[in-house]
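Visitor: Let me give you the structure first, and then I'll get to my questions.
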Amino acid sequence: MDCPFYAYTGIKSCPIAGERMSEKKKIRIFLLGIILFSTMGIWYAETKMQDYRKEPESFLGEEQRNCYFQNAWVLSWKNGELIFLAEGEIYAIEAAAESEYKDVIADIRMEQNRLVSIKIKPDKIRGKVLSVSQDKIEIEGYGKVPVSENFHIYRNYGEIGEGMTNEIIVGYDVQSFFVGGGLICAALLEQKPSVTNIRVLLSGSQAEQFHPQVVLYAEDTLLVEDVEGRESYRTAPQTEIWFYLEEQSNEQHLWLVEESSGAIIEKKIEEGHTYQITNESGRRIQVTSLEKLQGKPFYRGKLEVELRQEGYLLRNELSVEEYLYAVVPSEMPASYGLEALKAQAVCARSYACRNILQNSLFAYGAHVDDTTAFQVYNNIAEQESSTRAVDETRGQVMVSGEELVEAYYFSTSCGTTTDAGIWNSKEDCSYIQGRFVEAEGGGNAAAFQSPEELKKEENFRTFIMGRQESDFDSGFPWYRWSIRFSNQDLIRLLQEKGVYDAVGVPTSIQVSRRGSGGVAEQLQVSGTAGTVVFDREYAIRAFLSPKGLSLLDKDGKENPSFSLLPSGYFVVDIVTEGEEIAYQITGGGFGHGAGMSQNGAKRMAEIGYLYSDILKFFYFGVELKGIY
């Protein structure tokens with residue numbers, strides 16, 4: 001195992017200044033790094049060391065002669081040498097001990113360059129993490145355990161050192177928690193999880209995260225358990241479970257019918273309490289308090305209901321493959337060809353697995369939610385064709401080098417895609433690039449050398465005002481679209497954004513900067529009082545909201561209005577309406593335009609492309625790999 005922290009410049013001796021470390025000592029520390037991961041017991045010790053210790057060497061200055069480290073990570077203490085990590089630095093000091101220690105947490109006090117005391121904290125717990133907040137960690141079997149004021153996270157794999165909160169991956173048991181005085185003092189991250197399960201935050205009809213009540217139903221007996229393991233119930237078949245506000249007492253209650261006795265159980269629920277609900281038959285559980293396009297949805301796996309101050313959180317934990325059964329038909333029509341559906345399945349799996357490791361919703365106890373903020377989940381019921389696509393690509397993800405791909409996708413292209421620059425991302429997404437979405441020898445490639453040329457206004461205008469039959473998306477309604485804003489419409493939009501006073505009566509709109517493929521990156525609105533600039537594709541689409549206006553597709557059909565402009569690929573022309581001016585916007589595509597066009601993939605599948613060909617067309621230099 002690679003232990004880079006044992007490099008000469010990476011270790012500090014604490015706490016006195018002195019000569020540089022001898023070659024013999026450097027070799028000894030390096031050898032310690034090789035054997036650091038051998039198994040050892042965890043002990044409690046508080047040892048006074050003043051008389052029998054050799055003077056350690058140091059790289060530290062005088063100001064660090066006296067120091068007290070709480071919840072430091074003892075990497076190794078043997079053969080008269082103590083190596084520990086504290087405050088982002090690794091220290092090596094000479095200190096004798098009667099016992100050997102490894103990977104324990106300790107409070108360490110140094111005075112006048114000497115180790116005065118070390119208190120090793122012996123107790124630790126572990127279990128699947130359910131949620132993480134600033135002051136508590138919820139662990140299956142323990143409930144919500146408070147963390148100490150000097151709580152630390154340490155990473156014992158990959159780049160060894162201090163960890164971040166989002167590295168405590170919910171839904172997995174891959175770390176130990178050291179405890180003292182009823183508090184979690186430190187977390188030791190022992191390995192990156194092998195991704196198998198995903199936790200989904202289920203939202204309401206308006207994408208709200210908190211629910212006023214949760215009602216569940218199953219044909220079978222359901223097992224209801226609190227996460228601390230203190231109580232459990234089995235419900236009678238074909239009955240509901242209610243989590244709700246009892247109006248008379250103004251208290252939150254759990255209501256169910258017990259299987260064995262037929263008795264009604266009704267009890268108060270305290271804030272912060274979490275219940276897990278499992279159908280032991282393996283069949284799905286219906287959430288009758290939710291309404292999706294499919295109606296009242298059914299869920300595989302396990303459900304969790306947690307009461308917080310704002311209401312109930314509802315989570316669904318299940319395998320990644322089962323999750324995809326309800327993602328693929330919700331993101332791509334099941335009528336699309338099998339190869340297109342397989343491409344969608346690999347995209348969705350890659351995106352899901354990457355988000356599990358990013359763990360961005362840890363405070364809600366989830367990896368993703370079920371909305372367009374991540375991937376739409378279970379809005380449409382499972383379909384035979386999309387389930388087949390998931391099964392035939394089981395475990396396959398896209399990687400760039402060794403990293404999972406950020407597999408962005410969108411509905412319809414205008415004949416080109418863009419790069420990840422539309423999000424100003426700092427991550428390496430070089431596999432997402434602008435390209436013409438057309439067959440080889442198509443008209444766009446003949447007219448322009450690359451999508452980079454569409455950054456120029458005159459080139460993009462020529463491109464978007466034309467249509468190429470060779471474009472894979474050319475047969476779909478949103479390949480081209482148009483909308484007209486009157487000056488009064490624009491005034492209303494400026495008022496809604498709170499910038500009307502800065503602009504006054506509008507006199508012009510222009511795209512002042514374009515990205516790869518011609519996507520609008522900056523929109524300038526000028527008026528009698530001044531100018532405002534909207535940056536980034538999403539902000540521009542949100543400002544130019546077509547809600548309540550006539551939005552026409554390529555065939556001139558009027559469509560229900562959306563809260564966002566269909567895409568950021570458009571040009572603006574000033575036209576007159578009587579004595580008033582108006583702004584005619586002509587655009588193309590639907591969605592952000594980065595990654596895979598779903599309708600483009602459909603057409604490619606129809607003309608013989610395999611799913612692997614489709615993926616490598618839209619994501620440059622990627623490889624397909626089995627993740628499990």
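Visitor: Taking the residues in the range 173-194 that are open to solvent by less than 50 Å² (accessible area, probe 1.4 Å) and among the polar types (S, T, N, Q) as candidates, determine which candidate is nearest to Thr288 (Cα to Cα).
Guide: Gln175
Visitor: From the list Arg354, Arg388, pick out the single residue that is under 17 Å from the mean Cα position of the chain (by Cα), basic (Lys, Arg), open to solvent by 10 Å² or more (accessible area, probe 1.4 Å) and farther than 23 Å from Phe590 by Cα.
Guide: Arg354
Visitor: Which condition breaks for Phe243 when tested against (1) out of contact with any Ser or Thr (no Cβ under 8 Å at 6 or more places or on another chain); (2) under 30 Å from Arg126 (Cα atoms); (3) without any contact (Cβ under 8 Å) to a residue 60 or more places away in the chain?
Guide: The failed condition is (3).
Visitor: Here are Ile627, Ile607, Ile574: which of them is in contact with a helix residue (DSSP H, G or I) (Cβ under 9 Å, 6 or more places away or on another chain) and among the hydrophobic types (A, V, I, L, M, F, W, C)?
Guide: After applying the criteria, what remains is Ile627.
Visitor: How do the pairs read when you match residues in the range 194-220 that are free of Cβ contacts under 8 Å to residues at least 24 places away in the same chain with residues anywhere that are surrounded by 14 or more Cβ atoms within 10 Å (Cβ to Cβ) and of a type outside the set (A, V, I, L, M, F, W, C), using Cβ under 9 Å and keeping only pairs 6 or more apart or on different chains?
Guide: Glu208/Gly311
Visitor: Does the range 588-606 contain any residue that is in contact with a Ser or Thr (Cβ under 8 Å, 6 or more places away or on another chain), part of a strand (DSSP E or B), open to solvent by less than 30 Å² (accessible area, probe 1.4 Å) and under 22 Å from Asn459 (Cβ atoms)?
Guide: Yes, because at least one residue in the range 588-606 is in contact with a Ser or Thr (Cβ under 8 Å, 6 or more places away or on another chain), part of a strand (DSSP E or B), open to solvent by less than 30 Å² (accessible area, probe 1.4 Å) and under 22 Å from Asn459 (Cβ atoms).
Visitor: Ala539 passes all but one of (1) surrounded by fewer than 10 Cβ atoms within 10 Å (Cβ to Cβ); (2) free of Cβ contacts under 8 Å to residues at least 12 places away in the same chain; (3) closer than 22 Å to Ser413 by Cα; (4) not hydroxyl-bearing (Ser, Thr, Tyr); which number fails?
Guide: If we test Ala539 against (1) surrounded by fewer than 10 Cβ atoms within 10 Å (Cβ to Cβ); (2) free of Cβ contacts under 8 Å to residues at least 12 places away in the same chain; (3) closer than 22 Å to Ser413 by Cα; (4) not hydroxyl-bearing (Ser, Thr, Tyr), just (1) comes out false.
Visitor: Then there is this: Scanning for something assigned to a loop (DSSP other than H, G, I, E, B) and open to solvent by less than 50 Å² (accessible area, probe 1.4 Å), does the range 135-147 turn up at least one residue?
Guide: yes
Visitor: Report whether or not Val170 is among the hydrophobic types (A, V, I, L, M, F, W, C), open to solvent by less than 60 Å² (accessible area, probe 1.4 Å) and closer than 28 Å to Leu313 by Cβ.
Guide: yes
Visitor: Can you give me the number of residues within the range 499-519 that are open to solvent by less than 10 Å² (accessible area, probe 1.4 Å) and in a strand (DSSP E or B)?
Guide: Within the range 499-519, residues that are open to solvent by less than 10 Å² (accessible area, probe 1.4 Å) and in a strand (DSSP E or B) number 1.
Visitor: Answer yes if at least one residue in the range 195-213 is open to solvent by 20 Å² or more (accessible area, probe 1.4 Å), farther than 29 Å from Ile90 by Cβ, among the basic types (Lys, Arg) and outside any loop (DSSP other than H, G, I, E, B), and no otherwise. Lay out the reasoning, then the answer.
Guide: Step one: list which residues in the range 195-213 are open to solvent by 20 Å² or more (accessible area, probe 1.4 Å), which gives 196-197, 205-210, 212-213.
So of that shortlist, the ones also farther than 29 Å from Ile90 by Cβ come out as 196-197, 205-210, 212-213.
Imposing the further condition that a residue be among the basic types (Lys, Arg) reduces the set to none.
The answer is no, given that none of the residues of the range 195-213 is open to solvent by 20 Å² or more (accessible area, probe 1.4 Å), farther than 29 Å from Ile90 by Cβ, among the basic types (Lys, Arg) and outside any loop (DSSP other than H, G, I, E, B).
Visitor: May I pose another question? Picking from Glu140, Glu167, which residue would you name as being within 27 Å of Gln309 (Cβ to Cβ), touching a strand residue (DSSP E or B) at 6+ places or on another chain (Cβ under 9 Å), of a type in the set (Asp, Glu) and at pLDDT 95 or above? I'd like the intermediate steps shown before the answer.
Guide: Details: Glu140 fails: at pLDDT 95 or above.
It is Glu167.
Visitor: So the check is Cβ under 8 Å with 6+ separation or different chains; which pairs have a first residue in the range 363-378 that's without any contact (Cβ under 8 Å) to a residue 60 or more places away in the chain and a second one that's among the aromatic types (Phe, Trp, Tyr)?
Guide: Phe374/Tyr351; Gln375/Tyr351
Visitor: With the checklist (1) out of contact with any strand residue (DSSP E or B) (no Cβ under 9 Å at 6 or more places or on another chain); (2) modelled with pLDDT of 95 or more; (3) farther than 23 Å from Asp370 by Cα in hand, flag the one item Glu247 doesn't pass.
Guide: The single condition Glu247 does not satisfy is (2).
Visitor: Right, here's the next one. How many of the residues making up the range 110-134 are buried (at least 18 other Cβ atoms within 10 Å of the Cβ), out of contact with any Ser or Thr (no Cβ under 6 Å at 6 or more places or on another chain) and among the basic types (Lys, Arg)?
Guide: The number of residues fulfilling the criteria is 2.
Visitor: Does Leu549 count as part of a helix (DSSP H, G or I), farther than 20 Å from Gln598 by Cα and open to solvent by less than 40 Å² (accessible area, probe 1.4 Å)?
Guide: no
Visitor: Of the residues Gln488, Gln524, which is open to solvent by 70 Å² or more (accessible area, probe 1.4 Å) and within 20 Å of Arg541 (Cα to Cα)?
Guide: It is Gln488.
Visitor: Taking the range 328-351, which residues are under 23 Å from Gly295 (Cβ atoms) and open to solvent by 20 Å² or more (accessible area, probe 1.4 Å)?
Guide: Ser330, Glu331, Pro333, Ala334, Ser335, Tyr336
To keep it simple, each residue is scored yes or no on (1) on the phi > 0 side of the Ramachandran plot; (2) in contact with a Phe, Trp or Tyr (Cβ under 7 Å, 6 or more places away or on another chain); (3) in contact (Cβ under 8 Å) with a residue 60 or more places away in the chain.
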residue	(1), (2), (3)
Phe562	no, no, no
Asp573	no, no, no
Thr576	no, no, no
Gly591	yes, yes, yes
Lys625	no, no, yes
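The values are calculated or read from the model by the stated rules, or taken from the named source; none is laboratory data. Worth saying up front: this structure is predicted, and the values here are computed from it rather than measured. So basically every Cβ, Gly included, is an ideal-geometry build from the backbone, and we count neighbours across all protein chains shown. Side chains are part of the model used for accessible areas, which takes the heavy atoms of the whole protein and leaves out ligands, DNA and RNA. Shrake-Rupley method; radii C 1.70, N 1.55, O 1.52, S 1.80 Å.
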